[in-house]
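Reading through the structure tokens given below for one structure.
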Amino acid sequence: MEHIVLERIPHKKIRAFIQEQINNRVRSVKDLQVSFRPGDCTKKFLKHEEVFEAKYNIDTVWDSYNKTGLNLVFTGSLVSFALMLSKRNELDVLYKEETFSATEVGQVYFMNLSVLKGIIQIAVSYEIVIKNKEERVLEFAYIKGGKSIGFQRIKLDSVGNNRTRITHTTHYRSQSKFRDRFIYPYFHTKVLEEYHTNMLNYMDHKLIG
């Protein structure tokens, strides 16, 4: 973890989150632990789900979601991309301005969430734990040490006429029941709307011009 150039990360909360991990003796990216593993019980978690639709066939949408860097998608005032690390290749670091290749299991993303017009800044980090091309599924789990624990799942389904349904399901909880019931769903909905809307707009720009 000490190979990360903190000065290249523009977000104070992300730098502090990474430094906290280092202070807790997380020496390698591989030492970062997810808060939820595939197959764990979701009984004690709350569920949040949003559905979107793309006017392209499922292969095109899958390809776009896997090859479009989040630094190109999260460019709004709510969420911004900070950094990507890889458990497969310790030295593989993607900073905000660099070119992304494709999603892989073991990639760890760091995002900065800015709420209440920037008054509150929150560091969010998650790891891709499942990438299933046959079932068109991506799953990513929150890294331990953040506000929330749980995982998110993106599932693509063909609905005919060159259209694809995108279902984004989140299982989550934190130490605050009030946050889980009222604050998280509100802002998470906005985050998902920003992410999927920007992704679909980027797809239109790339494919239609």
Per the filter on segment 168-199, residues surrounded by 15 or more Cβ atoms within 10 Å (Cβ to Cβ), under 21 Å from D63 (Cβ atoms) and of a type in the set (V, I, T) are none
Log entry, pairs with first residue in segment 135-159 being farther than 14 Å from Y172 by Cα and in a loop (DSSP other than H, G, I, E, B), second being of a type in the set (A, V, I, L, M) and at pLDDT 95 or above, beta carbons closer than 7 Å, six or more apart or on different chains, reads R136/I58; R136/L156
Considering segment 65-77, residues that are touching a helix residue (DSSP H, G or I) at 6+ places or on another chain (Cβ under 9 Å) and surrounded by 18 or more Cβ atoms within 10 Å (Cβ to Cβ), and then whichever is farthest from I4 (Cα to Cα), we arrive at Y65
Of the residues in segment 1-49, those that are assigned to a helix (DSSP H, G or I), out of contact with any Gly (no Cβ under 9 Å at 6 or more places or on another chain) and modelled with pLDDT of 90 or more come to L6, E7, R8, K12, K13, I14, R15, A16, I18, Q19, D31
Review point. Just a yes or no: is a residue in segment 158-166 within 13 Å of the chain's Cα centre (by Cα) and either within 17 Å of L192 (Cα to Cα) or of a type in the set (S, T, Y) (or both)?
Key: no
query = Is there a residue in segment 94-114 that is over 16 Å from Q152 (Cα atoms), out of contact with any helix residue (DSSP H, G or I) (no Cβ under 8 Å at 6 or more places or on another chain), small (G, A, S) and surrounded by fewer than 18 Cβ atoms within 10 Å (Cβ to Cβ)?
reply = yes
Test V159 against the criterion of being of a type in the set (A, V, I, L, M) and surrounded by 15 or more Cβ atoms within 10 Å (Cβ to Cβ), and give yes or no. no
Residue set E139, E98; condition over 21 Å from Y202 (Cα atoms) and among the acidic types (D, E); output residue E139
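Given the criteria exposed (fewer than 14 other Cβ atoms within 10 Å of the Cβ), of a type outside the set (S, T, N, Q) and in contact with a strand residue (DSSP E or B) (Cβ under 7 Å, 6 or more places away or on another chain), does V51 qualify?
Yes, satisfied.
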Residue pairs qualifying under the 7 Å Cβ cut-off, at least six apart or on distinct chains, with the first in segment 173-195 being touching a residue at least 12 places away in the same chain (Cβ under 8 Å) and assigned to a helix (DSSP H, G or I) and the second being of a type in the set (D, E, K, R) and surrounded by 13 or more Cβ atoms within 10 Å (Cβ to Cβ), are D180/R173; T189/E50; L192/E50
Checked pairs for segment 98-109, first within 15 Å of I128 (Cα to Cα) and without any contact (Cβ under 8 Å) to a residue 24 or more places away in the chain, second in a loop (DSSP other than H, G, I, E, B) and of a type outside the set (A, V, I, L, M, F, W, C), C-beta under 9 Å and 6 or more apart or across chains, list as G106/K87; G106/R88; G106/N89; Q107/K87; Q107/R88; Q107/D92
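The values are calculated or read from the model by the stated rules, or taken from the named source; none is laboratory data. All figures in this text were calculated on a predicted structure; none of them were measured in a lab. Counting neighbours? That spans all protein chains shown, and the Cβs are built from the backbone with ideal geometry, glycine included.
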